[in-house]
C-alpha cells in the first residue's frame with residue numbers, strides 16, 4: 001500500500017446513494033472539501049454491492065430513489081449489515097415518512113434543500129464513535145408532551161430532565177399502558193423552552209431506557225430555526241451552570 005492509499009484509508013468514508021447525479025455531485029464536492037472519502041451509487045443492487053466492497057463508515061441514502069424504493073434499500077442494507085450507519089435524505093419532510101425511516105433504522109434524517117452545515121453535522125454524527133456523538137447536556141426541569149410511533153399528536157405528559165442539541169432525557173409523569181417504548185422506537189417530543197413563546201416539535205428515536213419511565217431521546221428531525229433556538233438556550237444555560245454551580249439550568253432571574 002502506497003502513501004496515497006494509506007492517507008485515503010485514514011479518511012472517514014461516506015457512500016452517497018441517489019439516482020440524481022446533481023445530488024451526488026453536490027454531496028461529493030461538499031464532503032471531499034471537508035476531508036471525507038466518498039463513494040457513489042445510483043441505488044438498487046449497485047448500492048448493496050458497493051457497500052459490500054467498500055464498507056464505508058456512513059451512508060447517505062436518498063429515499064426518493066426512482067428505480068428502487070429508498071426505504072427498501074435502507075432495510076436491505078441494515079439486514080445485511082446491522083451495524084451500518086445510514087442517514088436518510090429526502091425532499092419531503094412528511095411526518096409519516098420520517099417516522100417510517102426512523103423505525104426502519106435510519107440514524108439521521110436530512111431534508112432537502114439543506115444548508116452545507118446540516119449535511120456535515122449529520123455525516124459527522126454518523127462517522128463518530130458513540131462516545132464522541134454526545135453533546136454537552138444542560139440540566140432542566142420543564143414540562144413536555146411525548147407521542148409514540150404513528151400518533152398524530154403527542155399525548156403523554158413528561159418532564160425533560162436534561163437537554164442538548166443531540167437530544168433530551170425525559171421522565172414520563174404517568175405510567176404507559178404496555179410499558180415504556182423499546183430502544184429504537186420512533187417518538188415525537190413537543191415542548192416550550194423556559195422563557196420561550198413558541199412550542200418546539202421534534203421527531204426522534206429512543207436511544208436508551210434507564211429506570212422505568214426515563215427515556216433518552218436522540219433528535220433526528222427538527223426545524224433549523226428550532227435547532228438554533230435550542231443551541232442558544234443550551235449555550236446560555238451552560239454558561240450559567242459554569243458560573244452558578246448547583247443551580248438548575250432553567251432558573252429564572
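Read-outs throughout are calculated quantities, based only on the coordinates presented, and are distinct from any laboratory measurement. It should be emphasised that the depicted structure is a prediction, and the values quoted were computed from it without experimental measurement. Virtual Cβ from ideal backbone geometry, glycine too; neighbours counted across all protein chains shown.
Ordering 202, 73 from the fewest to the most neighbouring beta carbons within 10 Å gives 202, 73. When 170, 234 are arranged by Cβ crowding within 10 Å, least crowded first, meaning fewest neighbours, the order is 234, 170.
For the stretch 138-243, the fraction of alpha-carbon pairs lying more than 16 Å apart is 54 percent, rounded to a whole number.
Just to check, using Stokes-Einstein with a Kirkwood Rh over alpha carbon pairs, what's the diffusion coefficient of the stretch 3-131 at 10 °C and 1.306 mPa s in µm²/s? Using the Kirkwood radius from Cα pairs, D works out to 109 µm²/s.
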